[in-house]
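So the structure is just underneath, and the comments pick up after that.
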């Protein structure tokens, strides 16, 4: 993929399509995020960035899904530090495109630091394929509850 154009929105769209073709059954989620458990006994997962319905961060979703070998279906998945690092490195060339923001890279960098600094903290990825899908976990419910004007549908 190093020969692909990471410097334009059109190039990023082509890379997204290329990766999506390689994921069996890939369906882009309507919402998704990577979160981390707190350092305390509080069960709430913290999501530094949530990709909301109607968002445009499909490349980050397919990069993460490629690393996790996930098809985009509604699910909550455990994520290792190594997996998130691989996703970060896979998405990092997108910084060459300065006409779009890259909030997932910043969020993932912070999550990697937090997880490395406190190995008791666990990383999770939440994918929501359809807002009408049942909530897949407490973390999924927390993420969906954070959508402005939207609520989890069980």
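The values are calculated or read from the model by the stated rules, or taken from the named source; none is laboratory data. Please read these numbers as outputs of a predicted model, since none were measured by experiment. Methodologically, a virtual Cβ is constructed for each residue, glycine included, from the backbone with ideal geometry; neighbour enumeration extends over all protein chains shown.
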Query raised in the report: When region 101-113 is examined, which residues are found to be surrounded by fewer than 18 Cβ atoms within 10 Å (Cβ to Cβ) and out of contact with any helix residue (DSSP H, G or I) (no Cβ under 9 Å at 6 or more places or on another chain)?
Result: 101, 106, 110, 113
Query raised in the report: Is it true that some residue in region 64-73 is within 23 Å of residue 134 (Cα to Cα), assigned to a helix (DSSP H, G or I) and in contact with a helix residue (DSSP H, G or I) (Cβ under 7 Å, 6 or more places away or on another chain)?
Result: yes
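Residues checked against (1) touching a helix residue (DSSP H, G or I) at 6+ places or on another chain (Cβ under 8 Å); (2) within 21 Å of residue 17 (Cβ to Cβ):
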{"residue": "58", "(1), (2)": "yes, yes"}
{"residue": "80", "(1), (2)": "no, no"}
{"residue": "96", "(1), (2)": "no, yes"}
{"residue": "99", "(1), (2)": "yes, yes"}
{"residue": "115", "(1), (2)": "yes, no"}
{"residue": "131", "(1), (2)": "yes, no"}
**Report entry** Whichever residue in region 14-52 is more than 16 Å from the chain's Cα centre (by Cα) and free of Cβ contacts under 8 Å to residues at least 40 places away in the same chain and, among such residues, is nearest to residue 134 (Cα to Cα)
**Finding:** 42
Query raised in the report: Counting only residues that are out of contact with any strand residue (DSSP E or B) (no Cβ under 8 Å at 6 or more places or on another chain) and modelled with pLDDT of 95 or more, how many does region 49-76 have?
Result: 7
Query raised in the report: Does region 1-13 hold any residues that are in a loop (DSSP other than H, G, I, E, B), farther than 25 Å from residue 85 by Cβ and either within 15 Å of the chain's Cα centre (by Cα) or free of Cβ contacts under 8 Å to residues at least 12 places away in the same chain (or both), and which are they?
Result: none
**Report entry** Residue within region 77-100 that is in a loop (DSSP other than H, G, I, E, B), within 22 Å of residue 11 (Cβ to Cβ), at pLDDT below 95 and in contact with a strand residue (DSSP E or B) (Cβ under 8 Å, 6 or more places away or on another chain) present
**Finding:** no
